[in-house]
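In what follows, a single structure is set out as structure tokens and then discussed.
The values are calculated or read from the model by the stated rules, or taken from the named source; none is laboratory data. Because the structure is predicted, anything quoted here is derived from the model rather than measured. Positions of Cβ are generated from backbone atoms using ideal geometry, with glycine treated the same way; all protein chains shown enter the neighbour counts.
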Amino acid sequence: MRAAHPTPPADDLARTIDAAIGLSLMVKYARDRASDAVPNIAGVIGGTESLTLTQLCERLAARTASPILAAVQQTFGVGNTLPIPSTILSSPWETQIGKAVDHLGTPAMPITLLGEFHELCVGQPLNAWRRLRGGSGQGSQRYDHGVHYTPAAIVDYVTSRVLGPLLCPGASRSLWPIRVLDPSCGCGGFLVAALRYLLASRTARGASRLSTQQRLDVADASIFGSDIDPRSTAWARRVVLLAVWDTVVAEGGDASDCDRIPDLAENIICRDFLAPGWSDREDVNASPQFDAIFGSPPFVRLQQLYKTQPDRVEAYRREFKTARSGQFDLYMLFLEKAITSLSCSGRLGMSVSGSFLRSDSGRALREFVADHAVVEEIVEFEDSKVYPDATTQIALLSVAKTGICPSPRHVWIVGEGDVREKLTSLATAEPCSRSDVAVHQLPPDACTGDTWSFESSDDGRFLSHIRSVGKELRQLPVEVVQGCSTGADKVFLVKIVSSESDGQVFVKSREYGDVLPVEAGALLTTLRGREIRGYCPPPGSSACIYPFDRGGNVLPEDEFRQRFPLTFGYVADRRDWLQRRFKDKPLPWYAPQLRNPQRFLVSPKLASGAIDGGCGFTLDLNQNLLCAGSVVCVIPDAPDISPYYLLGIFNSGVFWQYAEQTMPSMGRGYHTYRVSALRRFPVPDPRETDTGQVTRLSDLVKQVLAEHGDWRKQQQLRREVDAAVRELYELDP
């Protein structure tokens, strides 16, 4: 009887299976382009009953004519000494994977699929169930680090935008070899696009076609990258070599005509780009020294960094100007270091979150970019799902290290989908003819200093006009604030199901969806952004567990338990999680971490969801209504500032036009209200404005509120309110 193999660790087995599937995809990729380039795996296995992946790779490489493909094949076997499971070895796995790939409907398997497969492996490993139960794994670590792979259409556009000016016919030949870097390279999508662009340019410049060895030398001299994931960097090296082989085969060349194949181990490294001395190569440590830098750095907000990399936050604040104070995002640090790593004639193109363009937290980055580079183009997308695995507003930033840009351009891509078609039109047509691609040439000083302006001439005139008519809201006795965050909304924010006569309230937990009784006295009705509708009475369907006295002081734990035993029991069931989450916080574990909640327990106040599609403000006259963090509030602080007057203005087309031009888009016609931008909104001071106009507008708004049940009547009144606001701002009807 044959001795049984001991059961291997699950992680080792998962890596072996991932590598085996990756090898079969690589074989599929090669055979789609040249059917005799690589033997099929089934033929190499033959009738073998036991085989490690290392042994399989060695056999496959020995039967492969191209040294490039053989070198790539052998990388799959490195460290994989476990036997391939017999259930896989004896099955037609290579054929099944090939059929699955064929369903893509492409003539040949795209090289980007190799990276996408790796992303799937780390995103859904065999031990995923442990992560779902609170454990950690490499996939969750990558998402904790804000890593998302970039769509190919964006990769191609950014690459051509950066390399095009460096490689155009009039560019200096002294730049060769051009050194390009992707500091967060993932599986090498940007690096492959750059290599293809470089090879095509060299071929166009030269009188003869590049040999296989010359192409490999270009990759070795020009292509550099880094990433925190060792398996990603291994894939990046593979796909760069595969791209070299692919260009040779596509032009009918001899892919075996080479005597030295670079392993790219010193070019594409597993290292944190933000760490000091991020490369082992002495020449790479020198800065600046890259002619082109592009990529899609990770998006990680400061709050998430405190959870996942608390030891690095203070180091970032010491090492990076953009992190010295206030909020910052990891991509901002990548941009700062990348710009400092450019050569004097270098260029940079990055796909990043557009949050820095208008926010206060992005002020330091805007100033740094303006001081150390020249902005040439910014492309923004209305669609928040440009990245299929992330919801964020993407901006493509193109800058040059030195020079003068007489007219930087701002591009607004409208609608969902067709990203490649839209970007191709933008890159090839001058001017762009698509109605869903709006191009604005900006004045030379549009992207200088810490405040950037993207308005067209008409937009600029509108903003200048309303500023000439009104005062910024912060100059009036009006407070603008963001709602409260509890620090643990899934525990403390509940949905009210029903109220009982005995003082109990049945609420629905956001965490598990279960319905349970609590004491009404332990709750405070809470307004959430998604529940607000313009001019409609604030709903009372949500509440916050509120163990505070009337002065805003937290109840002692014993008093909370005695007065509200049902509510305390609900919170105590989550004690361990809350104690971990609120460690080192100022308030005890059983209390929401509310900062000065008393400032919201006033009336009247205007409230809107922080993400709004226009005309979304309502009026709260309830002094015991708390506002959640998804709400922005406008609170008049003087008797001669009518809340009805303000409500009409904030629900008008004038305010919405201001919001569209000054606040971040969330796609589909929605914008995020920034408190800083709201405070700068110009409002005609009602104390200095014609009393008749103020009274008429206030009376119209009162009528709108009174007619919230009659939709037709309210719509007519809303139009009258809008006309009154335009008259107030001295705008044409």
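What to note about this one:
- Qualifying positions in segment 629-663 - more than 25 Å from the chain's Cα centre (by Cα) and polar (S, T, N, Q): SER642, ASN651, SER652, GLN657
- Strands (runs of 3 or more DSSP E) contained entirely in segment 351-413, each with at least 3 residues that are charged (D, E, K, R) and touching a strand residue (DSSP E or B) at 6+ places or on another chain (Cβ under 6 Å): 374-381
- Only one of the numbered conditions (1) part of a helix (DSSP H, G or I); (2) surrounded by fewer than 21 Cβ atoms within 10 Å (Cβ to Cβ); (3) not aliphatic (A, V, I, L, M) is violated by GLY105, and that is (1).
- Residue ID - modelled with the lowest pLDDT, chosen from residues in segment 466-510 that are farther than 14 Å from PRO682 by Cα, assigned to a loop (DSSP other than H, G, I, E, B) and not polar (S, T, N, Q): ASP502
- Scoring LEU396 on the criteria (1) without any contact (Cβ under 8 Å) to a residue 60 or more places away in the chain; (2) crowded, with 20+ Cβ neighbours inside 10 Å; (3) under 21 Å from SER353 (Cα atoms) leaves a single failure, condition (1).
- Test: residue in segment 675-685 that is modelled with pLDDT under 90 and in a loop (DSSP other than H, G, I, E, B): no
- Screening ASP584 against (1) modelled with pLDDT of 85 or more; (2) more than 30 Å from ALA677 (Cβ to Cβ); (3) not aromatic (Phe, Trp, Tyr) leaves a single unmet condition, (1).
- Exclusive hit being out of contact with any helix residue (DSSP H, G or I) (no Cβ under 9 Å at 6 or more places or on another chain) and either within 15 Å of ALA395 (Cα to Cα) or at pLDDT 90 or above (or both), set ALA429, ALA446, ALA438: ALA438
- For first residues located in segment 92-108 and assigned by TED's automatic domain parsing to the domain that holds ILE45, partners that are small (Gly, Ala, Ser) and surrounded by 11 or more Cβ atoms within 10 Å (Cβ to Cβ) and lie 6+ apart or on another chain with Cβ distances below 6 Å form the pairs GLU94/SER24; GLU94/ALA42; ILE97/SER24.
- Of the strands (runs of 3 or more DSSP E) lying entirely inside segment 512-576, those containing at least 1 residues that are under 30 Å from GLN715 (Cα atoms) span 523-527, 542-545.
- Pairs where the first residue, in segment 496-519, is in the same structural domain as ARG574 (by TED's automatic domain parsing) and the second is small (Gly, Ala, Ser), C-beta under 6 Å, 6+ apart: ILE496/SER541; ILE496/ALA543; GLY503/ALA520; VAL505/SER499; VAL505/ALA520; PHE506/SER498
- Per-region count, segment 615-626, residues at pLDDT 90 or above and within 33 Å of the chain's Cα centre (by Cα): 4
- Filtered residue count, segment 582-621, keeping only those that are part of a loop (DSSP other than H, G, I, E, B), touching a Pro at 6+ places or on another chain (Cβ under 8 Å) and without any contact (Cβ under 8 Å) to a residue 60 or more places away in the chain: 4
- Among the residues of segment 622-657, those that are touching a residue at least 40 places away in the same chain (Cβ under 8 Å), assigned to a helix (DSSP H, G or I) and out of contact with any helix residue (DSSP H, G or I) (no Cβ under 8 Å at 6 or more places or on another chain) comprise LEU646, PHE650, TRP656.
- When ALA19, ALA14, ALA42, ALA65 are checked against the criterion of being in a helix (DSSP H, G or I), out of contact with any Pro (no Cβ under 9 Å at 6 or more places or on another chain) and not hydroxyl-bearing (Ser, Thr, Tyr), ALA19 stands alone in meeting it.
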